Every structure is written in C-alpha cells, then in structure tokens.
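Below is one structure, written out as structure tokens; comments come after it.
The values are calculated or read from the model by the stated rules, or taken from the named source; none is laboratory data. Computed from a prediction, not measured in an experiment: that's the story for all the values here. Positions of Cβ are generated from backbone atoms using ideal geometry, with glycine treated the same way; all protein chains shown enter the neighbour counts. Protein only, heavy atoms only, side chains kept; ligands, DNA and RNA dropped before computing areas. Shrake-Rupley method; radii C 1.70, N 1.55, O 1.52, S 1.80 Å.
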Amino acid sequence: MRKKALVLLIGCSLVISIMLGGCTSMQNKTVATTPKYPDRPITVIVPFSAGSGLDLIARLLEKTAPQHLGQPLIVVNKPGGAGTLGFNELVGASPDGYTIGISSLEVILNPLYGSAKYNYPTALDPLAQVASSASVLAVQANQPWQDLAAIIEYGKSNPGKLKFGHQGIGSFSHIVGETFSQTTGCMLEQVPFRGGGETVAALLGGHVQIAFVSPAMIKEHLKNGTIRALAVSDSQRLSDPVFAQVPTLKEQGFDVVFNSWFGVVAPKEMPSEVKDKLVVGLKAIISDSEFKKSVENMGYQLDYLGAKESAAKWQADSKKLTKTVQETGILDLIKAQKQ
C-alpha cells in the first residue's frame with residue numbers, strides 16, 4: 001500500500017512539474033513573440049500630390065526614419081478634395097502606429113467650410129509640428145509702391161483698383177489677404193488661382209498688383225530683383241537672409257499674424273506606448289541639423305512643437321480662423337459657391 005502511495009505521489013509530482021514547466025515555456029514564448037513596435041515599415045499618408053509642400057516634408061522625414069524610428073517610412077500620396085481624401089483615410093486607419101499622416105492648416109479649414117466628412121481636430125491626434133510658413137505680401141519691383149504705407153494709401157484712394165492674387169477661395173493666402181484688406185482699409189479685389197506658381201505668374205504678368213504667397217515661391221524673384229516684398233504675416237521676421245529685411249505686418253502697426261504649418265498626425269486612440277515612441281522618434285529626426293538646413297532650403301521655417309503643444313496650437317488656430325472666415329466674408333463666399 002505504502003509503495004503504491006509513494007509511486008502515485010511521485011507520478012503526480014512529475015505531472016505537476018511537467019505542467020508548470022509547460023506553462024513557463026508558454027509564458028516565455030508569449031513574451032518572446034510579442035511584436036515590438038515598430039517591427040515593420042510605417043505608412044505615411046500625404047493628402048496632397050507629389051511635389052507639394054507636404055510631400056516634400058514627408059520625403060525629408062523619410063530619409064532618417066530608419067535611424068530614429070527603427071523602421072522606414074513609406075510615403076503614399078492621396079490627393080483630392082483639398083486634402084479631405086487623405087485625411088479621411090487616415091481617420092479610418094487602424095490606430096496601431098503603422099499608418100500616420102502629414103497634416104497642414106487644411107485640417108482646421110476644411111471642417112470650417114463644411115467640406116470634410118469628419119471634424120479633423122477631434123478625429124486626429126497631432127504627434128508633432130515640423131515647420132511653418134508665413135505669407136508674403138509681394139508686388140512687382142517696377143511698381144511705384146516702395147513700402148506698405150504707399151500701397152495702403154493707394155488702395156484707400158482707389159478702391160477696387162488693386163487686385164490681389166491668392167491660391168484659391170478659402171486658402172491660407174486668401175485669408176491673409178482679406179484680413180489685410182479689412183484691417184488696413186486698403187480696398188482690394190481678390191483673384192483666385194490654382195496654386196502659388198499661377199499666382200506669381202499673374203503678378204509678374206501684371207494681371208494682379210499684389211500677391212500673397214509663400215516665401216519659397218518668390219525667393220528667387222526677390223534675389224534677382226523682379227519682385228519686391230513689403231511685409232510678412234508671421235509674428236517675427238523670417239530667418240532666411242533673403243527675407244531678413246522684410247518687416248512683419250505687426251511691426252508696421254497691423255495686427256495681421258498668420259502662419260501655415262506642416263505636422264505629423266495619427267488616428268485617435270493610439271496606444272500610449274506607441275504614440276510615445278513616435279513622438280520621441282519624430283523629435284529626433286526634426287532636431288537633426290541637416291533636417292533643419294533642408295527645411296530652410298525649401299523656403300520654410302523649422303518650427304517644432306511636440307504633441308501637446310501641437311494640440312494647443314490646433315485649438316488656438318481653430319478659434320482664430322473660425323472668427324476670421326466669418327468676419328471677412330470668406331465663409332459666405334464658399335457657401336454661395338456651393339449653391
């Protein structure tokens with residue numbers, strides 16, 4: 001009896017040991033096979049076409065992503081609907097960190113105009129702001145206006161004779177131009193174009209007398225003396241030596257301060273550990289001196305903000321732009337076009 005009991009006890013002990021060993025092995029296997037983010041390439045949705053400002057920023061981030069994120073970035077262009085097609089796809093993507101996107105001021109503007117399926121400021125999560133760009137008030141160099149005061153005086157005395165070109169109804173440059181006109185009392189007639197290139201061409205051809213464009217679009221013209229820049233819409237002068245002597249609108253007595261920006265966004269509800277890795281990795285990429293040099297060579301200002309700061313900027317810009325598009329009549333103009 002005792003012998004049978006001893007054999008039974010030993011057998012049970014062996015079974016328990018085997019079971020415990022098996023559990024330990026399973027636990028170790030689970031830990032070992034849990035994917036470590038990121039373990040594959042990360043898709044970056046660019047909601048505008050190749051060659052656009054957002055696309056150039058994405059390609060620049062792509063260069064050193066393997067070094068700072070551990071995986072390459074795969075840039076995918078999804079143009080259409082002033083950015084809405086790409087932003088919509090990003091909103092619907094899995095929040096696993098393997099689909100992120102490049103953002104712009106259109107994240108805020110499109111919902112204001114009723115042209116978006118989602119309210120992007122609440123449907124997307126900013127990870128970083130990368131760069132910004134002011135709008136420059138430019139005139140042909142052969143025009144008589146040597147400074148801002150001269151053109152404002154002319155506009156007041158000759159209402160409707162000054163036409164200003166911009167990159168489309170409701171665009172950033174349109175907002176700056178209408179705000180300038182309203183704030184200064186310089187009566188301007190707006191003329192929309194399909195992009196910055198067309199706007200500059202119209203200015204050089206004399207079809208418009210003023211253009212509100214990005215510094216990148218007129219930098220070479222400023223250097224060769226065919227265009228004169230009278231003001232910039234940023235809160236401070238541009239760091240680019242070519243524009244360093246161009247005063248801001250604010251320092252000339254007009255509270256017209258706007259800048260457009262490029263950032264990186266992700267779908268909502270991303271796990272905190274995944275988001276943190278992306279935020280840290282993106283900051284490392286953007287902080288690189290070569291990255292800064294490349295951004296400035298493209299005509300933009302390196303203007304990094306972290307995730308929390310970017311979210312605060314979105315809120316502030318949304319509040320400001322909501323008021324601006326209403327007060328300048330831009331929202332009514334857009335509504336009228338849709339009817």
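Counting only protein heavy atoms and a probe of 1.4 Å, the accessible surface of the chain is 56% carbon and sulfur.
Take the residue pairs K63/K293; K275/K313; K275/K308; K78/K293; K36/K313 and return only those whose Cα atoms are more than 21 Å apart. Correct reply: K78/K293; K36/K313. Would you mind pulling out the separation of the Cα centroids of the stretch 96-160 and the stretch 51-70, in Å? So the two Cα centres are separated by 22 Å. Under 19 Å between alpha carbons, and skipping anything fewer than 8 positions from K156 in its own chain: which aspartates and glutamates qualify? Once the sequence-local aspartates and glutamates are set aside, what remains near K156 is D147, E178, E189, D255. In the chain, the longest principal axis of the Cα atoms and the axis of helix 53-69 are about 30 degrees apart.
In percent, rounded to a whole number, the relative contact order of the stretch 136-258 is 31, using alpha-carbon pairs under 8 Å and six or more apart. When the Cα positions of S52, F212, N158 are compared along the charge dipole of the chain, S52 comes out farthest toward the positive end, with charges on each C-beta of Lys, Arg, Asp and Glu. Fully extending the segment from K338 to E273 would add 19.1 nm, taking 0.36 nm per residue of separation and subtracting the current Cα-Cα distance. Note that the stretch 136-258 presents 42 Å² accessible area per residue, ligands and nucleic acids not counted, probe 1.4 Å. Look at (1) 0.98; (2) 1.22; (3) 1.11: the one that is Rg/Rh (Cα atoms, Kirkwood Rh) derived from this structure is (2). Measuring how big the stretch 42-118 is from its alpha-carbon positions, Rg and Dmax come out at 12.6, 40 Å.
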